[in-house]
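Chemist: Submitted below is the structure of interest, expressed as structure tokens.
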Amino acid sequence: MENKLEGHSFSKSTSPELETTINGENSPRRCQLSIKNCKRWFLGRRCFLIYKIILLLLLGKLLMLAYYHSRIDHHIVPERRDLAYVDVTSLLRHKSWSRSPLSEKVINQSYMEEEVVGFASNLDKAQVPKKNFDTFPDPSTLITCQDLAWHSRIKHSESIKVLEDNMYEARRSLISQESFLSRRIKNEKEKGMTDRDIIQKKWGQFGGSAVWLESEQCYVMYSRIVWSETTPRNNVQLSLVRAQAFDKDWNEIKGKRIPYADIKVPPDLNAAFDSLDKELGLRDCHQFKDHASHDACIVENTKNSYDAIERKERMISKYYLTYPTVLEVPFNPQGKWRGPEDPHVIVRKIGDFEEPVVIFNMFDDFNDRRMMMAYMPHRKSEPLVKFTINGRVPKKTEKNWAPFFHQHLSSSSISRGFIHFIYSFSPLEILKCSLNDGVCEMVFEADTIKVSDDNKFGGIRGGTQYVPLPDVLPKVAGQQMWIGFPKLHIENCGCGNHYYRPMLSLLVEDHGVYHQELMVPAFTFNMDVLGWDLEGTSCTYINILSPNAIGFWEVASQDPQTEEYEDYLALTISEADFNTRVIYLKGILNFIMDLYKQKPVKDHFEISKEADSIIGETLKCVVSSTKSYCEEYGLAHPVKKDK
């Protein structure tokens with residue numbers, strides 16, 4: 001026999017108390033209590049079912065992630081050209097997007113096409129069309145820019161957002177601290193000047209490099225602040241590194257706290273804060289019912305709150321870095337051109353652990369020269385690392401190194417591992433540097449491939465970090481690939497005295513041998529670049545568009561029929577050493593993959609005279625193409641006659 005209550009059935013095995021209650025053998029009060037017990041049983045059973053469903057969903061999600069990562073970790077193709085024909089649609093279906101920086105807002109915004117021309121430097125000459133002997137005296141050895149050129153299109157966002165900061169707050173924060181910086185920037189001559197005048201005449205900020213931290217669900221950006229008693233654009237006295245945090249839509253997150261990687265946060269930190277409140281006489285005013293006591297409590301708390309907040313912040317700063325802030329890089333502030341310059345950032349990621357590494361150059365008094373350095377802002381112990389190169393006489397000035405990490409990073413409780421740098425682009429030279437003591441070894445240098453003078457050019461300099469291809473793609477056996485955006489500098493080409501533009505570079509490592517497989521000169525993003533005088537877009541003195549950092553690069557989807565990707569890359573850029581902007585690029589991955597479909601690219605780079613010849617020709621093509629872009633831009637943006 002079964003009885004029903006609120007639509008649910010119970011068998012004869014029901015407890016005696018419940019059975020008698022249902023049969024009406026108890027008092028109404030007992031009956032009500034037993035019905036409550038029944039409801040508890042029902043709710044408990046429902047909660048248990050919900051709990052089981054949640055567990056099954058979580059288990060399913062974990063299995064999907066495990067499948068996704070196992071496919072990524074173990075799927076290997078034999079050659080680079082095989083990447084152009086892989087199907088990753090199943091992986092993308094199982095990928096979790098909840099923690100990705102790629103949002104509907106990024107995908108659905110308007111994009112504009114730009115024609116781009118790249119030059120491939122590792123072509124198989126045997127597959128290049130032979131030249132007419134009447135035109136070329138030795139057609140078997142000549143390769144032209146037309147042969148090397150790869151024409152395609154990419155898209156970029158029409159909106160190029162300016163990332164802003166409150167320099168008034170930054171200055172006030174610096175002055176309020178008792179430090180070597182506050183003593184340097186305090187000036188009696190500023191009395192009577194408004195904050196606005198002080199910021200406009202003595203301070204500047206630009207060059208923001210931002211990267212996405214999945215673990216913290218935010219971008220962290222590091223920009224250069226400059227200060228001078230006169231004018232900071234032409235006579236910099238101090239440079240500082242400003243750190244900010246932004247959400248995925250580039251709204252600043254003030255008060256964002258990120259724990260130090262090498263300090264364990266005490267589990268009783270909140271209890272310590274409560275104890276501090278009591279010690280300082282801070283009380284919960286809601287406990288007072290009468291208005292007089294409540295108001296008196298508020299007044300007393302207000303008196304003590306400043307000290308409490310200050311002491312709490314000091315306690316928090318032992319375990320967390322709070323954004324926004326100025327990085328505490330130690331240096332001698334006396335003189336000119338002091339402090340960290342040209343900060344760029346790269347993410348060091350091992351498993352689920354990730355941390356930013358900020359790279360910059362700075363004059364070092366002890367060594368009496370300008371050195372490259374790394375600063376690890378999420379470390380409390382020895383965050384600053386100074387780089388030195390074994391076996392080389394140090395230059396008076398080191399700058400413009402482009403960082404990247406090898407795929408298989410290693411570290412331990414006593415080692416931070418290694419970072420690699422492109423030390424020189426033409427000729428290509430690669431450094432491997434310890435993040436423990438800063439000692440570097442030249443692991444690939446010009447002498448390795450016996451480069452000729454045709455392969456030497458100083459106009460390509462470090463810009464962004466180099467990042468690997470999106471992780472949804474398989475790895476290539478024995479090889480690694482990265483892309484980055486160096487900065488290309490041409491003098492007196494038709495737009496001012498100095499013309500700077502981002503370029504795209506594809507770096508390949510094959511069993512210890514490095515080469516730049518593809519170089520794309522002078523990305524313009526269809527921009528009218530702010531002039532150096534900040535009054536328009538004319539080609540005055542210096543015309544500079546600088547690439548700062550790759551924020552992220554992800555694949556959203558793939559067409560299974562055409563094998564075309566829908567990929568997005570966030571890039572921070574700066575104009576005229578004045579601002580920081582973020583632009584999204586779409587189609588970079590297709591541009592690279594189509595190269596392997598359309599061009600006879602060799603599977604391996606061979607060190608030979610032929611390789612040196614093609615690299616030299618590629619470089620000439622890059623420089624010539626950039627000069628043409630520069631001249632065209634100069635004609636479209638002439639200097640005003642009264643200038």
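The values are calculated or read from the model by the stated rules, or taken from the named source; none is laboratory data. Everything quoted here is computed from the prediction, not taken from an experiment. Cβ coordinates were reconstructed from backbone atoms using ideal geometry, including for glycine residues, and neighbour counts include every protein chain displayed. Heavy atoms of the whole protein, side chains included, go into the accessibility calculation; ligands, DNA and RNA do not. Shrake-Rupley method; radii C 1.70, N 1.55, O 1.52, S 1.80 Å.
Chemist: Identify the single condition in (1) surrounded by fewer than 23 Cβ atoms within 10 Å (Cβ to Cβ); (2) farther than 16 Å from residue 596 by Cα that residue 485 does not satisfy, given that it satisfies every other one.
Modeler: Against the list (1) surrounded by fewer than 23 Cβ atoms within 10 Å (Cβ to Cβ); (2) farther than 16 Å from residue 596 by Cα, residue 485 comes up short only on (1).
Chemist: Hey, among the residues in the range 115-126 that are surrounded by 11 or more Cβ atoms within 10 Å (Cβ to Cβ) and at pLDDT below 85, which one's farthest from the chain's Cα centre (by Cα)?
Modeler: Step one: of the range 115-126, the residues surrounded by 11 or more Cβ atoms within 10 Å (Cβ to Cβ) are 116-125.
Still in the running and at pLDDT below 85: 124-125.
Details: 124: 35, 125: 38 Å.
If we take residues in the range 115-126 being surrounded by 11 or more Cβ atoms within 10 Å (Cβ to Cβ) and at pLDDT below 85, then 125 is farthest from the chain's Cα centre (by Cα).
Chemist: Residue check: is residue 184 open to solvent by 30 Å² or more (accessible area, probe 1.4 Å), touching a Pro at 6+ places or on another chain (Cβ under 7 Å) and either at negative phi or free of Cβ contacts under 8 Å to residues at least 12 places away in the same chain (or both)? Let's see the steps before the verdict.
Modeler: Numbers: open to solvent by 30 Å² or more (accessible area, probe 1.4 Å): yes; touching a Pro at 6+ places or on another chain (Cβ under 7 Å): yes; either at negative phi or free of Cβ contacts under 8 Å to residues at least 12 places away in the same chain (or both): yes.
When the stated conditions are applied, residue 184 passes them.
Chemist: Residues that are of a type in the set (S, T, N, Q): list the strands (runs of 3 or more DSSP E) wholly contained in the range 403-476 that include at least 1 such residues. Lay out the reasoning, then the answer.
Modeler: Working: elements: 418-424, 429-434, 439-444.
Hits in the range 403-476: 418-424, 429-434.
Chemist: Still on this structure: Looking at the range 353-383 only, could you name the residues that are buried (at least 18 other Cβ atoms within 10 Å of the Cβ), of a type in the set (A, V, I, L, M, F, W, C) and assigned to a strand (DSSP E or B)?
Modeler: 357, 358, 359, 360, 362, 363, 371, 372, 373, 374
Chemist: Something else now. Sort out which residues of the range 232-249 are at pLDDT 95 or above and either open to solvent by 50 Å² or more (accessible area, probe 1.4 Å) or not aliphatic (A, V, I, L, M) (or both), and write them in order of number.
Modeler: Those that are at pLDDT 95 or above and either open to solvent by 50 Å² or more (accessible area, probe 1.4 Å) or not aliphatic (A, V, I, L, M) (or both): 239, 242, 244, 246, 247, 248, 249.
Chemist: Moving to a separate point now. Go through the range 395-430 and report how many residues are aliphatic (A, V, I, L, M), crowded, with 17+ Cβ neighbours inside 10 Å and under 21 Å from the mean Cα position of the chain (by Cα).
Modeler: 3
Chemist: Residue by residue through the range 577-604, note down the ones that are open to solvent by 20 Å² or more (accessible area, probe 1.4 Å) and either among the hydrophobic types (A, V, I, L, M, F, W, C) or in contact with a Leu (Cβ under 6 Å, 6 or more places away or on another chain) (or both).
Modeler: Those that are open to solvent by 20 Å² or more (accessible area, probe 1.4 Å) and either among the hydrophobic types (A, V, I, L, M, F, W, C) or in contact with a Leu (Cβ under 6 Å, 6 or more places away or on another chain) (or both): 578, 600.
Chemist: While we're on this one: Within the range 132-163, track down each residue that is assigned to a loop (DSSP other than H, G, I, E, B), open to solvent by 30 Å² or more (accessible area, probe 1.4 Å) and modelled with pLDDT under 95. Explain how you work it out, then say what you get.
Modeler: Step one: list which residues in the range 132-163 are assigned to a loop (DSSP other than H, G, I, E, B), which gives 132-144, 158-160, 163.
Going one step further and asking which of them are open to solvent by 30 Å² or more (accessible area, probe 1.4 Å), we end up with 132-138, 140-142, 144, 158-159.
Residues satisfying the conditions are 132, 133, 134, 135, 136, 137, 138, 140, 141, 142, 144, 159.
Chemist: When both residues are 6+ apart or on different chains and their Cβ atoms are under 6 Å apart, which pairs have a first residue that lies in the range 202-217 and is surrounded by 23 or more Cβ atoms within 10 Å (Cβ to Cβ), and a second that is part of a loop (DSSP other than H, G, I, E, B) and polar (S, T, N, Q)?
Modeler: That search, which allows pairs on different chains as well, returns 208/580.
Chemist: Taking into account only those residues within the range 449-508 that are over 25 Å from residue 613 (Cβ atoms), charged (D, E, K, R) and within 25 Å of the chain's Cα centre (by Cα), which is modelled with the lowest pLDDT?
Modeler: Among those that are over 25 Å from residue 613 (Cβ atoms), charged (D, E, K, R) and within 25 Å of the chain's Cα centre (by Cα), it is 471.
Chemist: Name the single residue that is nearest to residue 638 (Cα to Cα) among those in the range 488-522 being among the polar types (S, T, N, Q), open to solvent by 10 Å² or more (accessible area, probe 1.4 Å) and touching a residue at least 40 places away in the same chain (Cβ under 8 Å). Walk me through it before giving the result.
Modeler: In the first step, residues of the range 488-522 are kept if they are among the polar types (S, T, N, Q); the result is 492, 497, 505, 516.
Subset that is open to solvent by 10 Å² or more (accessible area, probe 1.4 Å): 492, 497, 516.
Okay, now just the ones that are also touching a residue at least 40 places away in the same chain (Cβ under 8 Å), so 497, 516.
Numbers: 497: 13, 516: 35 Å.
In this case the residue turns out to be 497.
Chemist: In the range 85-111, which residue that is assigned to a helix (DSSP H, G or I) and hydroxyl-bearing (Ser, Thr, Tyr) is most open to solvent (accessible area, probe 1.4 Å)? Let's see the steps before the verdict.
Modeler: First pass over the range 85-111, keeping only residues assigned to a helix (DSSP H, G or I): 85, 89-94, 104-108.
Within this subset, residues satisfying the condition of being hydroxyl-bearing (Ser, Thr, Tyr) are 85, 89-90.
Working: 85: 123, 89: 24, 90: 27 Å².
So the residue we want is 85.
Chemist: Next question, about the same structure. What pairs can you find where one residue is in the range 529-543 and outside any loop (DSSP other than H, G, I, E, B), the other is surrounded by fewer than 21 Cβ atoms within 10 Å (Cβ to Cβ) and among the aromatic types (Phe, Trp, Tyr), and their Cβ atoms are less than 9 Å apart, with a gap of 6+ or different chains?
Modeler: Taking only residues 6 or more apart or on different chains, not a single pair turns up.
Chemist: Further question: So how many residues does the range 203-220 have that are in contact with a Phe, Trp or Tyr (Cβ under 8 Å, 6 or more places away or on another chain) and either not aliphatic (A, V, I, L, M) or not in a strand (DSSP E or B) (or both)?
Modeler: Going through the range 203-220, the residues in contact with a Phe, Trp or Tyr (Cβ under 8 Å, 6 or more places away or on another chain) turn out to be 203-204, 206, 208-213, 215, 218-220.
Remaining after also requiring either not aliphatic (A, V, I, L, M) or not in a strand (DSSP E or B) (or both): 203-204, 206, 208-209, 212, 215, 218-219.
Residues meeting the conditions: 9.
Chemist: Next question. Being in a helix (DSSP H, G or I) and either within 10 Å of residue 242 (Cβ to Cβ) or touching a Gly at 6+ places or on another chain (Cβ under 6 Å) (or both) is the filter here, so list the residues in the range 164-173 that pass it. Break it down into steps so the answer makes sense when it comes.
Modeler: Here is the first cut: in the range 164-173, the ones in a helix (DSSP H, G or I) are 167-173.
Within the range 164-173, 167, 170 meet the criteria.
Chemist: Shifting gears a bit: Looking only at the range 461-473, count every residue that is in contact with a His (Cβ under 7 Å, 6 or more places away or on another chain) and open to solvent by 10 Å² or more (accessible area, probe 1.4 Å) and tell me the total.
Modeler: 1
Chemist: Can you go through 190, 178, 252 and tell me which one is open to solvent by less than 60 Å² (accessible area, probe 1.4 Å) and modelled with pLDDT under 95?
Modeler: On the way: 178 fails: open to solvent by less than 60 Å² (accessible area, probe 1.4 Å); 252 fails: modelled with pLDDT under 95.
From the options 190, 178, 252, the qualifying one is 190.
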